[in-house]
Amino acid sequence: MAYASRIINHSKKLRNVPNLLRHDHAVLVRCFSNGAQSSVCKSEAAERERVSKFVACNHVSSGLPRSNCSRTTMRLGIPTGGVAYSREFRCSQVQSRRGFASDAVSGLPPHQEIGMPSLSPTMTEGNIARWLKKEGDKVNPGEVLCEVETDKATVEMECMEEGYLAKIIKGDGSKEIKVGEIIAITVEEEEDIAKFKDYTPSTSDSGAPAAKEPAAPPPKQEPVQQPVSSTEAKSKPSSPPSEDRLFASPLARKMAEDHKVPLSSIKGTGPDGRIVKVDIEDYLASGGKDVSAPTPKTKDGKLEALDYVDIPHSQIRKVTASRLLISKQTIPHYYLTVDTCVDKLLDLRSQLNSLQEASGGKRISVNDLVIKAAALALRKVPQCNSSWTDDYIRQYNNVNINVAVQTENGLYVPVIRNADKKGLSSISSEVKQLAQKAKENSLKPEDYEGGTFTVSNLGGPFGIKQFCAIINPPQSGILAVGSAEKRVIPSSGPEQFQFASFMSVTLSCDHRVIDGAIGAEWLKAFKGYIENPESMLL
């Protein structure tokens, strides 16, 4: 404001500035109206431009250097349109970070800052698995720069423009990089690479902070003496009891001394672990054998520390934990279990595998038949092929089945699209291919996104008889498949019985979408396809 007052006093052409500022103040008051906001911002910009021209044209007559005049213009502009001005400034900075920029202060040539991309709808941060390009390498559009571990899988990140990789900010194995955070620098010319050897990205988008006025020293506070009560003055803090100190009632101590019983071998049952008379009598009645094993302690008397290993969370583990927690907290689960006879299913599978081996095809598993039966049951009962939203229930026309696959890196759920329209051979081949990609951690987003229902099978691989699975949001159902086991079934006549193989399946339902009767109807349709598998071929 000192510069502004000197300019106004020394220049006749700026005598109208106070009126101009008062006019802008009135305009700023009208900014609270949403309808006039756009026109007001334009008028404010025009008025600031007029002030800038006045100051720029009179920098000689004012006797101030040009740099000071420009700072004065900034000061005059801030009170009149500070909100609009700061927004324009921030937007220009964001654009410069995304596109090519040149740093006039440090003398850096034009370069591009590459940020961590968002490679999936739920991704907020990622890890750099490894770089396929080195610093100094030439990069062309479409070439893979690095492999990024997202919340779902490891995805290749491709280069969008031609240039040279000048600097790698986040190296191999970098963890928890936020989306948009700078990971590398590229330049247009090869000779500019050396200029980024010691480059570090700025920690904030804002410019240099303005000089702050020294804060006024806080007023000195005089200590106030508070009266101490007589009870507080007399009371003294009691020393904490020793760890090895034993608490026992006087009668219990006397009985222990008379019978030569060590108090350390008796566990007290009184208040706060105090040893009482009954504890001594019980010890004597048991002949001194009922003695609790002493807790192992180190030489200094402290408890022995637990031996453990901390395993860092992988990206897939963190996302799985977050989604399952949200599912159990927000989705009202209920469970329906049914036993299905699979004798005909196993016979049909044997016949189909004979044909597959003869034609050189891949063998069909029980899980492939389960996926097909689940898809056909969803087509028959489409209410189970739906998702809940706050405004409506979305019912899908596509039947896309996610299949749970356990790997060393975590749980993946690749998707079989339009499973109701595919043959068993196609489903079998696709499941095996996606399971292999999941184990290699090479699934792409299109391999696991877009599912409408999930099947999880712990029976075949692990022999689990029955379990309840957690719904994979935003889906409304998941089928938990147990193992098949032989059971004895009573026959029609007395003392007659027969054997049959049964498989337990449990359907987890979102009660907001699937009522109990609808869930039971779906299980009935599923059981019909399993127990009469020929109907799946129609």
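Here, each number is a calculation from the coordinates, and none is a lab measurement. Treat the numbers as computed from the prediction; the structure is a model and nothing was measured. A quick note on method: Cβ atoms are made from the backbone with ideal geometry, for glycine too, and the neighbour counts reach across all protein chains shown.
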May I ask you to evaluate 6.51 cos²θ - 1.76 cosθ + 1.60, the Karplus curve with θ = phi - 60°, for each residue of the range 525-533 and list the ³J(HN,Hα) values in order in whole Hz, giving x for glycine and proline?
5, 4, 4, x, 5, 6, 7, 10, x
Apply the Karplus parameterisation 6.51 cos²θ - 1.76 cosθ + 1.60, with θ equal to phi minus 60°, to every residue of the range 135-145 and state each ³J(HN,Hα) to the nearest whole Hz, in sequence, with x for glycine and proline.
4, x, 6, 7, 10, 10, x, x, 6, 7, 7
Full extension from residue 161 to residue 359: what is 0.36 nm times the residue separation minus their Cα-Cα distance, to one decimal in nm?
66.5 nm
Inter-part gap, Cα centre of the range 442-488 to Cα centre of the range 365-405, in whole angstrom, is 12 Å
Roughly speaking, what is the stretch gain from residue 462 to residue 444, that is 0.36 nm per residue apart minus the C-alpha to C-alpha distance, in nm to one decimal?
3.7 nm
Prolate/oblate/rounded label for the range 337-477 (Cα gyration tensor, a/c 1.5)
prolate
Kindly flag which residue pairs out of 175/439; 134/170; 486/524 have an alpha-carbon separation exceeding 18 Å in this structure.
175/439; 486/524
With a Förster radius of 45 Å, plug the Cβ-Cβ distance of residue 322 and residue 249 into 1/(1 + (r/R0)^6) and report the FRET value to the nearest 0.05.
0.25
State the antiparallel share, in %, of DSSP beta bridges confined to the range 443-538, rounding to the nearest 5.
75 percent
With θ set to phi - 60°, apply the Karplus curve 6.51 cos²θ - 1.76 cosθ + 1.60 along the range 462-471 and write out the HN-Hα couplings as whole Hz, x wherever there is a Gly or Pro.
10, x, 6, 6, 7, 7, 10, 9, 8, 5
Does the range 405-538 come out rounded, prolate or oblate by the C-alpha gyration tensor, with a ≥ b ≥ c the root eigenvalues, rounded set by a/c under 1.5 and, if not, prolate when a/b is larger than b/c and oblate if not?
prolate
Taking amide H positions as placed in the peptide plane 1.01 Å from N, state which residues far from residue 137 in sequence (5 or more) or on other chains have amide H under 5 Å from it.
165
Total formal charge among the other residues, if their Cβ is under 10 angstrom from that of residue 400, Lys/Arg +1 and Asp/Glu -1:
-1
Scan around residue 146 for amide H atoms under 5 Å from its own, H built in the peptide plane at 1.01 Å from N, and keep only partners 5 or more places away or cross-chain.
132, 157
Quick one: if the Förster radius is 25 Å, what FRET efficiency do residue 390 and residue 124 give, using the C-beta to C-beta distance and rounding to 0.05?
0.65
Skipping prolines and chain starts, which residues have an amide H placed within reach, meaning under 5 Å, of the one on residue 248, given they are 5 or more residues away or on another chain?
275
Using a Förster distance of 60 Å, the FRET efficiency for residue 512-residue 258 (Cβ separation, nearest 0.05)
0.25
